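Colleague: Have a look at the structure that comes next, please.
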Amino acid sequence: MNDTKIVFATGNVGKMREIRMIMADLGIEVLSMKEAQIQTEIVEDGTSFEENAMIKAETIAKELARCGQKAIVLADDSGLEVDFLNKEPGVYSARYMGEDTSYTIKNANILERLAGVPDEKRTARFVCVIVAVFMDGRSYSCRAAIEGQIGYEEKGENGFGYDPIFYVPEYGRYLAELTNEEKNRISHRGKALEAMKEVIRKELGL
Ligand code: IMP
């Protein structure tokens, strides 16, 4: 194990599990904010995924510095862009129809807004941007996407959020019908994290 640490700016347990799985082969300890004992409110008021990821990473980097801790800080911001809805919900994906509204309701609403829309106009993508702030203050960002279509109903029990309405033509299945391993291999977050792993390897000479 390398003695450099990574702190990932998320409080989401499911996301941490996904991130640990993908980052495992780097040989660097990945801590959640809770494990790094960082408690701070982050106001995600950016208008792009890049801006929001940078806000999260810089807030945590400052907090770590204030506590005298050294670590590489990673943060991500992600969301669903539906072309027919002018790329909504986009950066508002988590807050769409209200943060506490269930995804059963959010997904039903998107399906309803696309009622009667033909296949070729149902294109959509999940986007993920990962930002790294290194210990000398330099930052990098990696963006990746998975292209697909909004389906006609909810399908599958895996994943989370909008996965049950996101159809992946390449697999002939909805994202929520894929296993975690299959999803990580092709997902926006999986691909952005793989790209970021290369940046970290180069930075640390691994
Ligand atoms: P974030 O945690 O601020 O990046 O918000 C991301 C939001 O986008 C989530 O709350 C979901 O609504 C949506 N989202 C991002 N990635 C996924 C995914 O892999 N599957 C389903 N929904 C996702």
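The values are calculated or read from the model by the stated rules, or taken from the named source; none is laboratory data. Note that the coordinates shown come from a computational prediction; the quantities given were computed from them, not determined experimentally. Cβ: placed from backbone, ideal geometry, glycine included. Neighbour counts: every protein chain shown. For accessibility, only protein heavy atoms count, side chains too; no ligands or nucleic acids. Shrake-Rupley method; radii C 1.70, N 1.55, O 1.52, S 1.80 Å.
Colleague: Measure off 7 Å from each Cα along the Cα-to-Cβ vector at T104 and F160, then give the distance between these two points in nanometres to one decimal.
Modeller: For T104 paired with F160, the spin-label model returns 1.9 nm.
Colleague: So what's the gap between the Cα centers of the range 5-19 and the range 21-66, to the nearest angstrom?
Modeller: 8 Å
Colleague: How far apart, in nanometres, would the label points at Y171 and Y152 be if each is projected 7 angstrom from Cα along the Cα-to-Cβ direction?
Modeller: Calculated label separation equals 2.1 nm.
Colleague: Now for a separate question. Relative to the longest principal axis of the C-alpha atoms of the chain, give the angle of the C-alpha long axis of helix 188-204, reported between 0 and 90° and rounded to the nearest 10°.
Modeller: 20 degrees
Colleague: Same structure again: Considering only A192, P169, T179, whose Cα is most displaced toward the positive end of the charge dipole of the range 158-206, charges sitting on Cβ of Lys, Arg (+1) and Asp, Glu (-1)?
Modeller: Comparing the listed Cα positions along the dipole, A192 ranks first.
Colleague: Now, a different point. Given a 1.4 angstrom probe, what's the average accessible area per residue across the range 54-120, in square angstrom?
Modeller: Here the per-residue accessible area is 52 Å².
Colleague: Are any of the pairs K5/K183; K56/K155; K5/K106 more than 30 Å apart by Cα-Cα distance, and if so, which? Spell out each step's value before the answer.
Modeller: Details: K5/K183 26 Å; K56/K155 32 Å; K5/K106 37 Å.
The pairs that break the limit, which is 30 Å between Cα atoms, are K56/K155; K5/K106.
Colleague: Show me the chymotrypsin sites (Phe, Trp or Tyr not before Pro) within the range 119-190 that DSSP assigns to loop and that have at most 10 other Cβ atoms within 10 Å of their Cβ.
Modeller: Here no chymotrypsin sites (Phe, Trp or Tyr not before Pro) fit, given the DSSP loop and packing criteria.
Colleague: Something else about it: Keeping the other protein chains in place, figure out the carbon and sulfur percent of the accessible area of the chain, with a 1.4 Å probe.
Modeller: C and S atoms contribute 48 percent here.
Colleague: Moving to a separate point now. Given 0.36 nm per residue, what is the gain on full extension from K15 to E41 after removing their alpha carbon distance, in nm?
Modeller: 7.5 nm
Colleague: Let me ask something else about it. Of the candidates R189, R95, R122, which one comes out as most mobile in a Gaussian network treatment of the chain with C-alpha springs shorter than 10 Å?
Modeller: Most flexible of the set in this elastic network: R95.
Colleague: Continuing with the same structure: Report the gain in length on full extension from V199 to V117: 0.36 nm times residue separation, minus Cα-Cα distance, nm rounded to one decimal.
Modeller: 25.4 nm
Colleague: About the Cα centre, and with charges only on the beta carbon of Lys, Arg (+1) and Asp, Glu (-1), how big is the dipole of the chain? Nearest 20 debye, please.
Modeller: Dipole magnitude for the chain comes out near 420 debye.
Colleague: Under a plain spin-label model, where a point goes 7 Å from the Cα along Cα-to-Cβ, how far apart in nm are M135 and E181?
Modeller: Reported label-point gap for M135 and E181 is 3.5 nm.
Colleague: Also, I was wondering about something else. Please report how far the C-alpha centroid of the range 133-206 lies from that of the range 82-111, rounded to the nearest whole angstrom.
Modeller: 18 Å
Colleague: Then there's this: Gain in length, E29 to R95, computed as 0.36 nm per residue apart minus the alpha-carbon separation, to one decimal in nm?
Modeller: 20.7 nm
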